[in-house]
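Please read the structure below before turning to the comments.
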């Protein structure tokens, strides 16, 4: 039985056949041994799908890393058995991805009128598939915020995160209502990705009047009020599933000292050595205990609590936390 789920195999075969068709078209105008070699590699990958060995390292027969296979279905070896030139190329690609991702993250301490912000971004590996953004409008009157989680892991997920960031930054320059920004972003993301690629996302804007939030299948953002904590459930499907999806926007006012908290499931699904999840209730309890702290201190408190809970167990997913707090 193939190590790659049958549903995933159904996406790899069309991709390989499409690549083969393009290579054959190129051969009609260019006679090149390199193209013929690539066609042979595509045929070999299709044969591996047929015989059930697709996704297995040809040296150790263990599973090839899923993110590498998603990025290039022609790979035949796991990271432990790459040749020296292949390993150097992989390390160079990873370094470039790290540089790109670090430059896309928002700067620290972005403020807007009566609002303070602080985020923490911890990828599981060198790069991650979480999306975090803070963008002040051209007139300085509003601040766009977003936290999302792209399906997948590693470099492949980080490339999708980069793509999503570019989409939102382009759309925000048009000064559109939030609901239209999200619906257009969904359509663009849907049209430029495969059927298995999607992203959950919670995003919105803060102004002097309060916050507006839309949730595309993401972990519920939390309104941390003085007397209660309110969950903002999903108002639409994750981005990339259906091009015509629409997204509702919810508006809320926050008093001085109250906060909006956005996070990814790398926090709530963090596990302790016994395999128990950190969970939303523990997150809520930690946030209530940090209520009177500044945004940075709230974020530090949550991350420290997650680390204590996890103990010696390594992180299994990327972790992102964003605090937007109304000044006193």
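Bear in mind these aren't lab numbers, they're just calculated from the coordinates by the rules spelled out. Treat the numbers as computed from the prediction; the structure is a model and nothing was measured. FYI the Cβ positions are ideal-geometry reconstructions off the backbone, even for glycines, and counts take in every protein chain you see.
Below are the figures for this structure:
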{"read-out": "Overall form of the stretch 198-260 per C-alpha gyration tensor (a/c, 1.5; a/b vs b/c)", "value": "prolate"}
{"read-out": "Degrees between helix 154-172 axis and first principal axis of the chain (Cα, 0 to 90, nearest 10)", "value": "50"}
{"read-out": "For the chain, alpha-carbon Rg and Dmax in angstrom", "value": "22.1, 73"}
{"read-out": "Crossing angle, helix 279-289 versus the chain [Cα axis fit, 0-90 degrees, rounded to tens]", "value": "30"}
{"read-out": "Taking 207, 320 and counting other C-beta atoms within 10 Å, the order from fewest to most", "value": "207, 320"}
{"read-out": "Cα-based helix-to-principal-axis angle, 33-51 vs the chain, degrees rounded to 10", "value": "80"}
{"read-out": "Per-bin percent of Cα-Cα distances, the stretch 6-82 [5 Å]", "value": "3, 16, 25, 23, 17, 10, 5, 1"}
{"read-out": "Relative contact order (percent, whole number), the stretch 6-82, Cα cutoff 8 Å, 6+ residue spacing", "value": "25"}
{"read-out": "Average Cα contact separation per residue, the stretch 106-326, under 8 Å, 6 or more apart, as relative contact order %", "value": "24"}
